[in-house]
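First the structure, in the form of structure tokens, and then the observations on it.
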Amino acid sequence: MQVKKDYSWFPLTLLWFGASMSVAEMQTGGLMSAAGLSSGLAALFGGHILGALLLGLMGYLGYKERMPSIMCTRISFGRRGSWVLSMANVLQLVGWTAAMIQLNSQTLGGITRILWDFESAKLAVLALACLVALWTFWETQGKHSGNAFAVILLACLGLLTTWLLWQQAGQVNLESIPAPAEPISFGAAFELSLVMPLSWFPLVADYACRAKSARAACLGPALGYFIGSVWMYGVGFAGALLTGESSPTPMLMAAGLGVAALSVLVFSTVVTTFLDVYSAVASARNIAPKLPERPASFVVVLIGGCAAMFWSSDVYVDFLHCIGAVFAPLSAILFSDYFLLRRDEREKAASIPGLVSLVCGIASYWTFSYIGTPIGPTLSCLLFTLVIHAILRLLQKRSAVAVTGA
């Protein structure tokens, strides 16, 4: 597959750094504060180290094969088997588009209520959806300088937020921070830390396949996302400890940001959500290669914006778990075949062992979620799926040898 090699290490790192600069990351970090200071920080760094490793491996795979992420899944699932993953990825990316618009519209409404005594949830959703649509038009025109500008501005505003929160933290005795009313385990906190980078797994190769070197393809997503996401999680984590609220609105306003908080919100929404829209179209093209990019992008924004009108923030954590249930076993199967077993099924219509392993992996995720594990359901699912898939590939190999011998 011929692709344009237009990403060196710095633009690719900047791209993924910008992807992590979102209110969703801050809110998830805030939710982790219920694990307590020491346990929460351990889970935050542990989950992100593993998540960055997965992103780096996917970037390397995409670079070597010069294929977008979903097309890479043909290695394990075959041509038509990858269609199942394409549909699942389109659904999760449309879901992320809706989630990002809705979560940010809530924060936007909270900030405008405090600043100007005005709040309209539907108007906030409409405004953010229109901005995402405009950004999509800009970026699909190939004007990638807009992304670099937005990321630099986000970094400056993020530094301001961090500094103001640090000033507040300096006046607080850490021993005086009360224990969370509803504490969560280390495994639950580790899950919240890992599932966010994992949600970007199906997007990495969409950009890494256009990298100029293997180092850029691997380190750009891993380092860019790790640095930015740990930072945003940390801001949310610290803000929740200081304010007692996991929502970003109180922590942003408590930091005294005012209009600057609006800028953080708007830029983070459009930059991050554009990546979801772009990769949703890339996944759909695995099924319909002639799908026009720009009209399809606007359809994704339209569906996501309409869904955001009715999205309930109460299902946000459940949505994250659904992502982990599919993409944790998917990553285990793909990396096992590509790096360990050296198996390539892309010329087949479908790979039964790959699809069976995926079903078993999804079932194991929900089982581990129900019974609870010290390391969380995602990591437990990853390890379980690696073992199951290795066994199924071994049985497949022995069956092929038996047929050949007969």
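The values are calculated or read from the model by the stated rules, or taken from the named source; none is laboratory data. Keep in mind the model is a prediction, meaning the values are calculated, not measured. Because the Cβ atoms are built from the backbone with ideal geometry, glycine has one as well, and the counts that use them run over all protein chains shown. Just the protein is used for accessible areas: all its heavy atoms, side chains included, with ligands, DNA and RNA removed. Shrake-Rupley method; radii C 1.70, N 1.55, O 1.52, S 1.80 Å.
Side notes on the structure shown:
- Residues of the range 66-92 satisfying the condition of being among the β-branched types (Val, Ile, Thr) and open to solvent by 30 Å² or more (accessible area, probe 1.4 Å): VAL84, VAL90
- Filter pass, PHE186 being surrounded by fewer than 23 Cβ atoms within 10 Å (Cβ to Cβ), among the aromatic types (Phe, Trp, Tyr), at pLDDT 80 or above and closer than 27 Å to LEU379 by Cβ: yes
- Taken over the range 18-45, the criterion of being in contact with a Leu (Cβ under 8 Å, 6 or more places away or on another chain) and either within 16 Å of SER193 (Cα to Cα) or open to solvent by 50 Å² or more (accessible area, probe 1.4 Å) (or both) is satisfied by ALA19, MET21, VAL23, ALA24, GLN27, THR28, GLY29, LEU31, MET32, SER33, LEU37, ALA43.
- Filter result for ILE388 (hydrophobic (A, V, I, L, M, F, W, C) and in contact with a Cys (Cβ under 9 Å, 6 or more places away or on another chain)): yes
- Search result, residues across the range 275-288 that are open to solvent by less than 20 Å² (accessible area, probe 1.4 Å) and touching a residue at least 24 places away in the same chain (Cβ under 8 Å): LEU275, ASP276, VAL277, SER279, ALA280, SER283, ASN286
- Listed conditions (1) surrounded by 22 or more Cβ atoms within 10 Å (Cβ to Cβ); (2) touching a Ser or Thr at 6+ places or on another chain (Cβ under 9 Å); (3) of a type in the set (A, V, I, L, M, F, W, C) are all met by LEU50, apart from (1).
- Single residue of PHE45, PHE77 found to be under 20 Å from the mean Cα position of the chain (by Cα) and of a type in the set (Phe, Trp, Tyr): PHE45
- Annotation for the range 297-312: at least one member residue is within 25 Å of ALA188 (Cα to Cα) and modelled with pLDDT under 90.
- Matching entry among GLY56, GLY95, GLY62 (being at pLDDT 90 or above and surrounded by fewer than 24 Cβ atoms within 10 Å (Cβ to Cβ)): GLY56
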